[in-house]
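In what follows, a single structure is set out as structure tokens and then discussed.
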Amino acid sequence: MNSAEIRQKFLDFFASKQHQIVPSAPIVVKDDPTLMFINSGMAPFKDYFLGNKPAPYKRVTDTQKCLRVSGKHNDLEEVGYDTYHHTMFEMLGNWSFGDYFKKDALEWSWELLTEVYKLPKDRLYVSVFQGDDSENLPMDQDAFSIWKSMIAEDRILMGSKKDNFWEMGDTGPCGPCSEIHIDLRSEEERAQVDGKELVNNDHPQVVEIWNNVFMEFNRLADGSLVKLPAQHVDTGMGFERLCMAIQGKRSNYDTDVFQPLIQFVAQEAGVKYGQDEKTDIAIRVISDHIRAIAFTIADGQLPSNNKAGYVIRRILRRAVRYGFTFLNFKKPFLHKLAVVLANQMAHVFPELKQQLGFVQRVIEEEENAFLRTLDNGLKRLDALENSFKENNNIIDGKTAFELYDTFGFPLDLTALIAREKGLQVDEAGFSKEMEQQKSRSRNASATEQSDWVILQPDVVNEFIGYDCDTTDTHIVRYRQVKAKNKSEYHLVLDKTPFYAESGGQVGDTGFLISDTEQVEVLDTKKENDLILHITAKLPQNVEAGFRAEIAAERRNYIRKNHSATHLLHAALRTVLGEHVQQRGSLVNEKLLRFDFSHFAKIEDAELRQIEHIVNERVRQAIPLDERRNVPIDEAKNMGATALFGEKYGDFVRVITFGSDYSVELCGGTHVMNTGHIGYFKIVSESSVAAGVRRIEAFTATAAEEYMQQQLNELNAVREVLNTQSNVSGAVQKMQDDLKGLQKQLEAFELKQLTGMKDELAQKAVQVGGVNLIAQRVVLNSADYMKKLAFDMRQVVDNLVLILATEIDGKPQIAVMLSDNLVQEKNLNASTLVRELAKEIKGGGGGQPFYATAGGKDAAGLDAVTAKAPELVKSMING
Ligand code: SER
């Protein structure tokens, strides 16, 4: 069975048990501050388990793209070294939301594995939660009994809380679980050691393939467990491991999921996979990481310097580094691999193939940047080589950490290069630096979140802000969040007009008003489907009735900017082409910012055309056509633009401004007709990343003010030029005149310099056998002073020249000596100038024959020339 068949059989099996097949959610999480990436199949369904939102189906099945590289579930460092952990993997799952429980879940998993996939029963083991006294949790007797009816008792293993109590994170839904493990070793190996001994013991051929979690509890921030409103099932089967088991392989990488990638990398590197452990690890790292990199970018996450973007950057750099070090890839190579992956996955996750050009460009740009960084790091290491040698051939911890932190060199790479140079790395010193940095960032970002105080259980918060700006409401739950130097409250209301930040549109601000008090809402954010009103204080009476009022004027400007964003999006596609995809946006009361894929700078003429189209639509005053709860397929048939990386439900909201112009899936707030936008003005166009351009624009009053400001400036220029028409012609003429004058001035000054040279030569006096000229002169620049000094050298022998002048109000001295005086009389221009500079409260230096000094006190310039004869005499004699 190939991997595509294995995946399909899973989905078909659960569909036959009345499960709804749903698509994978995007791998990058939005609207959940506790999670950056989907780390398990259940994460997109968190709200259903917690009872925050009713589930649209009681039974669901899917294959979910997951990433385990940060937070509680992090496998990154193992990846490549072993044969069964991955950064990105697919989790096959089936879910019951308050429907079936342990019996059906376990029986179906057994049926699927042994009857559909025909895995041999004598190679399977199952585990059951043994209970935990400290949490007052009993052994899972039900699961044990169910298994006993299907599998020999000695194959049912008891597991501790660590292995058999599954939790999504530090808080959230959790419960006892029952795992299924498979022993893939050869008969000989199995005869020697009982498979049972190897379960949960990190053996690469005795691995967990499926986990059945029985969600019953919610873990609170104070560590306690409370019962969930209903009992659910959450199962997760590692797809790549399942393929290994069914295809009879000893490694996930030997299955058809990874082989196309492995073979491509090996061929590019000119090596064979399976012959050398070092290159094998590198090939595995790359074949694994490209999946995480390509799919997260396709789901809308660009590599960057913070949060989710930084995680992607780190994974990409890990891949580049392994290629660079072990496979001799000195040029970008990962982007080529994206093609292989896109073709391979097109039938199940088409989003990568659909955006392949863009994804490749982003990857290649990142690779190039990191290869440059690596190169700089290598140069830094080379430059410091001698100092390491003086330090007993040790690279100190601080430098190793700097290489890691600034140049992206992990310790093992530094150690490898060090070995080649006969050096060693102070690893303990490195760890100390690392620990210090970690604790610095822990302190900076630590937040403490109290558990929700529930005032009205089972109330689903309702957003009514599309229709009204105010409403009567109640607080249904609240909590306190403490961060460094700051404490805030999150309030959830039963009904609210406050729009929570999402889809680029900022959250509303406003007030909650009761009979006795008024509490300001500073911002509104989302946590999955909860709308959090953020306040600095808690109302004294949280149970009071409140009037919720948004800052309506601010929202009006936000509406204009949001609708203008839609008009801009459509205009961009008209002018630049259908390849334009939204990559991000910001809509607030001041401006709109729109990021989109496009590969070249947008020409001025194109920008004007885009602007013109948008303003035409504004003038047409096209009425808003807003439709809520449209079935997703119907919306797509309407030609609605969906965004990659957005999670859409079965029913969506469609915003149309002219059915032949702009139709978008959108949850934001909009103007009633485009005329309300007033006027649209693009104020900047720039690049934000490889293949991503950014346009910023103003609407309405902001656009008017911007244009007025531009006009004011132009008028001010007109006034200065004293002209009403052809301003640019007048400025051009001024520039031309100025250039002519500058040329004349230079010619004049050169002429003056020649005159000055002759005059100075007359002033030479004999002092101690040298021709001393010490004079104050009038010069316009340091360059002229230098020229004059060097010219004088040509005309007077045995010369000690001292020039004292003022340039731009600052005193300057130059000393020039004939070469023979430096050699024969032991004179030195630097020493001389430093001594003279004391008179102008300054200092300087230079070469033995020419030196200059600057100072603070121009009044001392006369003293410089006065002092010169004595000083020169004493130096000659000395
Ligand atoms: N949530 C469980 C896991 O991730 C089962 O899906 O292992």
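The values are calculated or read from the model by the stated rules, or taken from the named source; none is laboratory data. Note that the coordinates shown come from a computational prediction; the quantities given were computed from them, not determined experimentally. Methodologically, a virtual Cβ is constructed for each residue, glycine included, from the backbone with ideal geometry; neighbour enumeration extends over all protein chains shown. Surface accessibility is based on the protein's heavy atoms, side chains included, excluding ligands, DNA and RNA. Shrake-Rupley method; radii C 1.70, N 1.55, O 1.52, S 1.80 Å.
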*In Å, what is the Rg of the alpha-carbon atoms in the stretch 364-419, and how long is Dmax?*
11.6, 40
*What whole-number value in Å² describes the accessible area per residue of the stretch 145-211 for a 1.4 Å probe?*
44
_Estimated vicinal HN-Hα couplings, Hz - the stretch 683-688 in sequence order (Karplus 6.51, -1.76, 1.60; Gly, Pro = x)_ = 10, 7, 9, 8, 9, 10
_Per residue convex hull volume, Cα atoms of the stretch 167-269, in Å³_ = 153
*Taking a 1.4 Å probe, which of 279, 574 shows the most accessible area, and what order do the others take after it?*
574, 279
*Kirkwood hydrodynamic radius of the stretch 409-497 from all distinct Cα pairs, in Å?*
17.9
*Can you tell me the alpha carbon radius of gyration of the stretch 576-730 divided by the globular rule-of-thumb value 2.2 N^0.38 Å?*
1.26
*Gap in Å between the Cα centre of the stretch 641-680 and the Cα centre of the stretch 235-280?*
44
*Cα-based Rg of the stretch 751-817 per 2.2 N^0.38 Å, rounded to two decimals?*
1.04
*Given a cut-off of 18 Å, what percent of all Cα-Cα pairs of the stretch 824-873 lie beyond it?*
26
*asked:* What is the ratio of the Cα radius of gyration of the stretch 256-394 to 2.2 N^0.38 Å, with N the residue count, to two decimals?
replied: 1.16
*Compute the semi-axes of the equivalent ellipsoid of the stretch 25-139, taking the square root of 5 times each eigenvalue of the Cα gyration tensor, and list them largest first in whole Å.*
24, 22, 18
*How large is the charge dipole for the stretch 79-171, taken about the Cα centre, if only the Cβ atoms of Lys, Arg (+1) and Asp, Glu (-1) carry charge, to the nearest 20 debye?*
320
*What are the lysines whose alpha-carbon lies under 24 Å from the alpha-carbon of residue 307, with same-chain residues fewer than 8 places away excluded?*
30, 46, 65, 72, 432, 438, 482, 484, 486, 525, 526, 647
*asked:* Spelling out what I want: for every residue of the stretch 80-86, take phi, set θ = phi - 60°, compute 6.51 cos²θ - 1.76 cosθ + 1.60 (Karplus), and round to whole Hz; glycine and proline get x.
replied: x, 6, 9, 10, 9, 10, 9
*asked:* How large is the convex hull of the C-alpha atoms of the stretch 8-52 per residue, in Å³?
replied: 93
*Roughly how many debye, to the nearest 20, is the charge dipole of the stretch 586-704 about its Cα centre, given +1 on each Lys and Arg Cβ, -1 on each Asp and Glu Cβ, and no other charges?*
180
*Tensor-based shape of the stretch 435-593 (alpha-carbon gyration tensor, a/c under 1.5 rounded, otherwise prolate or oblate)*: oblate
*Determine the per residue accessible area of the stretch 482-530 with all protein chains present and a 1.4 angstrom probe, expressed in square angstrom.*
43
*Quick one: Cα convex hull volume of the stretch 615-705, Å³ per residue?*
120
*For residue 864, what accessible area in Å² do you get when you roll a 1.4 Å probe over the heavy atoms of the protein chains, rounding to the nearest 10?*
0
*Expressed as a rounded percentage, what relative contact order does the stretch 306-360 have, with Cα pairs under 8 Å and six or more residues apart?*
24
*Ordered by packing density, taken as the mean number of other Cβ atoms within 10 Å over each peptide's residues, highest first, how do 848-854, 142-148, 272-278 rank?*
848-854, 142-148, 272-278
*Measure nothing fancy, just the Cα-based angle from helix 277-298's long axis to the longest principal axis of the chain, in degrees from 0 to 90, nearest 10.*
90
*Which shape class applies to the stretch 469-514: rounded if a/c is under 1.5, otherwise prolate when a/b exceeds b/c and oblate if not, where a ≥ b ≥ c are the square roots of the Cα gyration tensor eigenvalues?*
oblate
*Fraction in percent of alpha-carbon pairs per bin - 10 Å, the stretch 542-619*: 17, 41, 24, 10, 6, 3
*Could you give the distance between the Cα centres of the stretch 302-342 and the stretch 768-796, to the whole Å?*
61
_Bins of 5 Å, starting at 0 and running to the largest distance - Cα pair percent for the stretch 756-865_ = 2, 14, 26, 27, 20, 10, 2, 0
*P(r) of the stretch 73-120 in 10 Å steps, Cα pairs, percent per bin?*
20, 30, 33, 16, 0
*Select from the stretch 167-262 those trypsin sites (Lys or Arg not before Pro) which occupy a DSSP coil region and have at most 14 other Cβ atoms within 10 Å, ordered by residue number.*
250
*Averaged over every viewing direction, what's the projected area of the C-alpha convex hull for the chain? Give it in nm², one decimal, please.*
51.7
_Accessible area of the chain with a 1.4 Å probe: how many percent of it is carbon plus sulfur?_
47
*asked:* Quick check for me: using +1 on Lys/Arg Cβ and -1 on Asp/Glu Cβ, what's the dipole size of the chain about its Cα centre, in debye to the nearest 20?
replied: 2260
*Taking the Cα atoms of the stretch 208-263, what is the range of coordinates along each of the three principal axes, in descending order and whole Å?*
49, 21, 15
*Accessible surface ranking that places the most exposed of 239, 45 first, with a 1.4 angstrom probe*: 45, 239
*Can you pull the Rg over Rh of the stretch 267-337, Cα-only, Kirkwood?*
1.00
*Report, to the nearest 10°, how far helix 307-326 tilts away from the longest principal axis of the Cα atoms in the chain, using its own Cα long axis and a range of 0 to 90°.*
80
_Degrees, to the nearest 10: 427-445 long Cα axis against longest axis of the chain_ = 80
*asked:* Apply the a/c threshold of 1.5 to the C-alpha gyration tensor of the stretch 193-321 and tell me whether it is rounded, prolate or oblate.
replied: oblate
*asked:* Can you compute the helix-only [θ] at 222 nm over the chain? Use -39500 (n - 2.57) per DSSP H run of at least 4 residues, normalise by all residues, nearest 500 deg cm²/dmol.
replied: -13000 deg cm²/dmol
*On average, how much accessible surface per residue is there in the stretch 216-374, in Å², for a 1.4 Å probe, leaving out ligands, DNA and RNA?*
37
*Among 17/227; 763/873; 681/733; 787/838; 17/103; 331/379, which pairs are too far apart, with a Cα-Cα distance over 19 Å?*
17/227; 681/733; 787/838
*For residue 863 and residue 448 in the same chain, what is the full-extension length gain: residue separation times 0.36 nm, less their Cα-Cα distance, in nm?*
142.4 nm
